[in-house]
1. Could you tell me how far the Cα centroid of segment 5-25 sits from the Cα centroid of segment 117-180, in Å?
2. What figure, in Å² to the nearest 10, do you get for the accessible area of ASP121 with a 1.4 Å probe and non-protein molecules left out?
3. Which values of log₁₀ I(q)/I(0), to two decimal places, follow from the Debye formula for the chain at q = 0.10, 0.12, 0.17, 0.18 Å⁻¹ with a uniform point scatterer at every Cα?
4. Take segment 42-96, drop everything but the C-alpha atoms, weight them equally and run the Debye formula without solvent; then report log10 I(q)/I(0) at 0.20, 0.28 Å⁻¹ to two decimals.
5. Would you tally the net charge around PRO151, using a Cβ to Cβ cut-off of less than 14 Å, leaving PRO151 out, and scoring K and R as +1, D and E as -1?
6. As I understand it, the value is the acute angle between the Cα axis of helix 28-41 and the longest principal axis of the Cα atoms of the chain; what does it come to in degrees, rounded to 10?
7. Once the Cα atoms of helix 134-145 and of the chain are each reduced to a long axis, what angle between those two axes, in degrees from 0 to 90 to the nearest 10, is obtained?
8. If you restrict to DSSP beta bridges whose two residues both lie in segment 39-180, what percentage is antiparallel, to the nearest 5?
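The values are calculated or read from the model by the stated rules, or taken from the named source; none is laboratory data. Here the structure is a predicted model, which is why all the values come from computation and not from measurement. All Cβ positions, glycine included, derive from the backbone under ideal geometry; neighbour counts span all protein chains shown. Keep in mind that these areas ignore ligands, DNA and RNA; they rest on the heavy atoms of the full protein, side chains included. Shrake-Rupley method; radii C 1.70, N 1.55, O 1.52, S 1.80 Å.
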Amino acid sequence: MLDRVLSRPPRLGRTRLVSVDGPSGSGKTTLAEDLARLGRERGVRIDIVPTDHFATWSEPVGWWPRLERAVLAPLERGEVARYQRVEWRGGEPVPGAWLEVPPPDVLVLEGVSSARVEVADRASLLVWVEHPDPAVRLERAVARDGAGTRPHLVEWQRVETEWFRRDSTRERAHIHVTNP
């Protein structure tokens, strides 16, 4: 996957953008972290921006304009991106630290709706990651986020299913990864 990314031209200014998308609990974060680690081992400047730094329970996909203004637009101009991340404390989103992202060789945008149609023309690679069983995905997400998040995660699954259907995310992906 890394070779495929690096063989493609940058489409976000001088940066190659990789969007790693798919339903919650499918393994997107692990894949993104593995890709970044492998790239760094080869001397590639890779940064990850998780959509969890923007999403909240009440705004699962509507946060995109903030990411566009704070991250994608500056990187496209070759400038440092700067944004205030959402931190998840006890399963609840709260304003967190301010982060800066100097223009990397590769930016991995990881999380639900990261490969949305609004970014497709600037992405060098769109990756779809999924586990086929929604019940397993739910249990993975609850294990990660805590038992108190279960009602939110059940609703989140409903929202993301509708989102992916409307956005045709899976159908537009260049690479499909099915995790066991």
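1. With segment 117-180 and segment 5-25 each reduced to a Cα centre, they are spaced 17 Å.
2. My reading of the accessible area for ASP121 is about 100 Å².
3. Taken in order of the listed q values, log10 I(q)/I(0) reads -0.36, -0.53, -1.10, -1.23.
4. Calculated log10 I(q)/I(0) at the listed q: -0.77, -1.15.
5. Details: positive: ARG150, ARG158; negative: GLU92, ASP145, GLU155.
Taking every other residue near PRO151 into account, the sum is -1.
6. 30
7. For 134-145 against the chain, the angle is about 80 degrees.
8. Numbers: 8 of 17 bridges.
Percent antiparallel among DSSP bridges in segment 39-180 is about 45.
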